[in-house]
Structures are given as structure tokens and as C-alpha cells.
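Structure first, commentary second.
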Amino acid sequence: MRIEIDEDLCCGAGTCVLLAPDVFDQNDEDGTVILLDAAPGEEQRAAVEEAVARCPTAVIRIA
């Protein structure tokens, strides 16, 4: 699994961080997403897929 994000479109909701904190973080200044692990293991798949589904601006993609 490979994750791609579009930081420019992120609204800083933080849902991804709540669902997959080992994969995503937030910028302290503006709250936008920071990708901690672009290729997480399969044990993270369900959490990442949930983050993708719940992202209000659809900035997360699984490639």
C-alpha cells in the first residue's frame, strides 16, 4: 500500500490523525496533514481506508 496526499487541499479537520496516528500527523501551525509513513504495513490498511473515506476534502489516496 502506498499513500499519496494533496497537502494544498487539506482543511485540517484531523480525522486522519485520529483514525491512523501512526500514519498521519498535523502541522502545528496550520493543522494540515503530515504524512508520517507513505508505505505503511497491511496492519494499518483498515485505519487508512477509513481515513480516506472520512476525509472531508478527499486529499488522501491509496495508490
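Annotations for the structure displayed:
- Acute angle (nearest 10 degrees) that the helix 45-54 long axis makes with the longest principal axis of the chain, alpha-carbon atoms: 40
- Share of pairwise Cα-Cα distances greater than 18 Å in the chain is 19 percent (whole percent).
- A crude spin-label estimate for the pair ARG45 and GLU7, with each label 7 Å from Cα along the Cβ direction, gives 2.9 nm.
- Relative contact order computed over the chain (Cα-Cα under 8 Å; 6+ residues apart), in percent: 46
Since every read-out is calculated from the coordinates, none of them should be taken as a lab result. These numbers come from a predicted model, not from an experiment. We place every Cβ from the backbone using ideal geometry, glycine too, and count neighbours over all the protein chains shown.
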